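Any read-out appearing in this document is the output of simple, stated calculations on the displayed coordinates, not a laboratory observation. These numbers come from a predicted model, not from an experiment. Heads up, the Cβs are rebuilt from the backbone with ideal geometry, glycines too, and the neighbour counts pull from every protein chain shown.
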Amino acid sequence: MLNAVSKYFCMRFLAFRFAMFLSHLCLTVRILVGAAMGLSLITQAHAQSETPGLGSMPSRSLTQPPDPTIPPMAPREHFFGDWGGLRPPLEHHGIDLIAGYLSETMGNVTGGRGRGIAYADNRGIELKIDWNKLAGWNGLTTRAIVINRAGRSLSSTVMGDSLYPVQEIAGGGGNVAAHLSMVYAEQLLLKKRVSIAVGRLQVATDFASSPLYCEFVSNAFCGVPTPLSAGDRPAFTNGAAANWGGRIRGRPTPEIYVESGVFESNSARGGRTGLQFSPATANGMMIPVEIGWEPGGGNNERSGHYKIGAYYDSARTNTLYRDLPSDEGYDLPAPSNNPATQKTIRGRSGFWIMADQMLLRRGPYTREGLIVFAGFTLSDDRFSPYRSLGFVGMVDRAFWPARRRDSYGFAVYYAQQSRGLKALQKAEQAAGQPLTGGVPGPQGDEVIMEAEYTIHACEGLTIEPDLQVVVHPGGVRQYGTALVLGFRTNVSF
């Protein structure tokens, strides 16, 4: 009995001391952020993104698809509170202005091509207007997001892995001070059972995505699983990029939704600034379809989300190779870096199935509890180095009564690369030629294991230590297993 009491008071004391430390930390950060904001406005025009790859999300607080309306989400937090009384009157008139800062600092301790540290960050501003409050137009909202990114990718510059970056925001900002990420209008109809959105849209905002995925730092599936949106897939936009498109979602019952859309397949993706709207580079259209079941909508129930979907893209695209080699049942390929040896084919497709289920409910809000999730995606690997990604994991929030807004998570990803690309690289290797992609060996499978703990430091500020173990970085056997350590900082102003 005495031991139990002493342990209880010891835990309470540790929680109190930790809370005091975070309080002082937040005060210091507020002072530093206030000074840095002015400096960043001067310097961000010169910020350079050293990787051309597309990160998956401008900021978790800016681009995440909303949870179902029931049960309720936790109230949005702001690092500077109500901005000295400015926010409440704006929100009363339907104007919601959000600013965010997200940084990811990661270091490779061992394995991979080499060791080193890399930093990447993202600044974002979102303007959301509820036109019912502002002008009496019921059900209409508009939304615009502008971002700025800087930094470099640890995976491509240090580890030798250009497939699955360990930082989900590295690259894709256009090397400009302001990049238009999204701008669109959404209209709700039939008592909010039907939603129609039109504008410069990101497919990943509504399809094959979940807010749970960006609990993790790896770009393997934060925002959307990488095989669906990366490689030569200009239509499945994600992160900093958007194309013209429209989406319609309907709920025949409160627990079931069906959604589809039509999106421009345009490799420009808005260009460096996001303002390149010309259809001159458009090459087709993409039609995604998704059906979902979301049981457990009550405030005290354990909610779940189950979805299945697919897309078809009509664009004409060069294959990575002319044909698969003989051991795959086809003719030996010619080098893929010669366009004359490639085939041009119209039409490609992808598929996904995903699920998450709350097992333990710990509070009134949507994600307060223990949630397990899993998923699988399959892509057309004739055009891209990616083939499939399977993943499984869990996230637990409000597990510690003294720190209800902390969370932790574990995830494992298993990725398979293009069968044809691997066979082509084997043929190039046998012929003594440089391998496609500049890798030291044929690219096969890759395994990523990730663990994270999100510390709610204060209102609007989270700090997330992260650990990743990458087996076969870049999908090659020549690189040893990498151990990556780092942290993510997320501020919502």
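Between A457 and T462, I463, the built amide H atoms are under 5 Å apart, and every one of these is 5 or more places off in sequence or on another chain.
Specify the inter-centroid distance of region 244-302 and region 83-99, based on alpha-carbon positions, in whole Å. Spelled out, the Cα-based centre of one part sits 28 Å from the other. Among R193, R76, the ranking by other beta carbons within 10 Å of each residue's beta carbon, starting with the fewest, stands as R76, R193. Run down the aspartates and glutamates and flag those whose C-alpha is under 17 Å from the C-alpha of K426, throwing out any fewer than 8 positions away in its chain. Correct list for K426: D323, D327, E328, D331, D381, D445. Cross-link partners for K307 among the aspartates and glutamates, with Cα-Cα distance under 16 Å and sequence neighbours closer than 8 places in the same chain left out: D67, D206, E255, E259, E290, E294, D356. For R477, no residue 5 or more places off, or on another chain, has a built amide H under 5 Å of its own.
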